[in-house]
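Asker: First, the structure itself, so that you have it in front of you.
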Amino acid sequence: MSAKEIAGRVDALGKRITLDYQNKPLILIGILKGAFIFLADLIRAIDLPISVDFMALSSYGNSTKSSGVVRIIKDLDYSLEGHHVLVVEDIVDTGLTLNYIYGHIKSRGALSVKICSLLDKSGRRQVAVPLHYKGFEIPDEFVVGYGLDVDEKYRNLPNICKLVRAIDE
Ligand code: IMP
């Protein structure tokens, strides 16, 4: 996916979110680290007075496979009470990570919790998670760039590229 294709899709998502959350207090929660570039572009495509918070998680899986066992490294700074929440993720693969985050955030008293993911590998889903806003559907391939990494590398690529050979496979 080229930087231009990504920018067009992010802009369209931002416009839809702007329409859907008119007159609703909205907090976007970026899931670190993978979503930081997507979130940075998405918030500039949303024409609303939003707030932003972050959560950082560590997965016990190896670099290209999720284990679903997740530990919170950085929790939210603010209470979610009285706010609508949009969780911003880079990619949903098995769904195990997002399923955990969704449960955690829903227990914090938000008015509503929805999910926005740039990429969706729906063919690999093990747990159903509601994806309210989605950038692109992708096949079962490992991808890097635009915030997504393998062993912390390639996050800075402007395009999203298929990783031809995983380091640990
Ligand atoms: P899940 O728990 O299997 O849905 O995995 C979600 C997390 O695994 C994402 O937030 C990413 O950090 C990572 N991940 C899954 N697939 C990819 C990929 O193709 N490239 C980079 N990271 C990925």
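The values are calculated or read from the model by the stated rules, or taken from the named source; none is laboratory data. Quick caveat, the model's predicted, so the values are computed rather than measured. Please note: Cβ atoms are built from the backbone with ideal geometry, for glycine as well, and neighbour counts cover all protein chains shown. Note: accessible area is taken over every heavy atom of the protein model, side chains too, but ligands, DNA and RNA are not part of it. Shrake-Rupley method; radii C 1.70, N 1.55, O 1.52, S 1.80 Å.
Asker: Do we find a residue being more than 10 Å from the ligand (Cβ to nearest atom), of a type in the set (Asp, Glu) and modelled with pLDDT of 95 or more anywhere in segment 52-69?
Answerer: Yes - at least one qualifying residue is present in segment 52-69.
Asker: Still on this structure: If a residue must be at pLDDT 95 or above and at positive phi, how many such residues does segment 124-151 contain?
Answerer: Of the residues in that region, 3 qualify.
Asker: A follow-up question, please. Name the strands (runs of 3 or more DSSP E) wholly within segment 1-98 that hold at least 3 residues that are open to solvent by 30 Å² or more (accessible area, probe 1.4 Å)?
Answerer: 51-59, 70-74
Asker: Another one. Looking at segment 109-123, is at least one residue on the phi < 0 side of the Ramachandran plot, assigned to a helix (DSSP H, G or I) and open to solvent by 10 Å² or more (accessible area, probe 1.4 Å)?
Answerer: Checked against the condition, which is being on the phi < 0 side of the Ramachandran plot, assigned to a helix (DSSP H, G or I) and open to solvent by 10 Å² or more (accessible area, probe 1.4 Å), segment 109-123 yields at least one hit.
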